[in-house]
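Read through the structure below, which is laid out as structure tokens, and then see the notes.
Derivation of every value follows stated rules applied to the coordinates shown; laboratory data play no part. Please read these numbers as outputs of a predicted model, since none were measured by experiment. Cβ coordinates were reconstructed from backbone atoms using ideal geometry, including for glycine residues, and neighbour counts include every protein chain displayed.
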């Protein structure tokens, strides 16, 4: 009889153990199903995000290209401004030379005034005027050439 009780207790323990394992397996399967559902939801969210990011990449590329074109245009503008600065410096240099020549000629004419006759003086002033006119023509031609280069740079941009 003791053997029967021991066998009954062993069978009862085995049944409880199997029932516990089955309950644990069932619970694990439910949790695994939940994890799979959450993984599927995350996959769908990632798919949506990748589509949205794909839609943002093309406008970002276009924006970068537009910024690059604008930087190139600004570079050409700065280059043209540098050329204009060079033309202004050249014109200023020519004006300084004209002023220097005129000043020297005027000083020479003032010194010679007392010793020369009025006809000679008139000829010297005419010579001074001619030299000033030639310098002015030279600087004007140089300025016109610089302006033509400047205009061609702006025309090529438009």
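What spacing in nm lies between the two simple spin-label points modelled at residue 92 and residue 131, each 7 Å away from Cα in the Cβ direction?
Roughly 2.5 nm, to one decimal.
If each of residue 71 and residue 34 carries a label point 7 Å out from its Cα toward its Cβ, how far apart are those two points in nm?
Placing both labels 7 Å along Cα→Cβ, they lie 5.2 nm apart.
Could you work out the equivalent-ellipsoid semi-axes for the range 59-105, taking the square root of 5 times each eigenvalue of the Cα gyration tensor, largest first, in whole Å?
45, 4, 4
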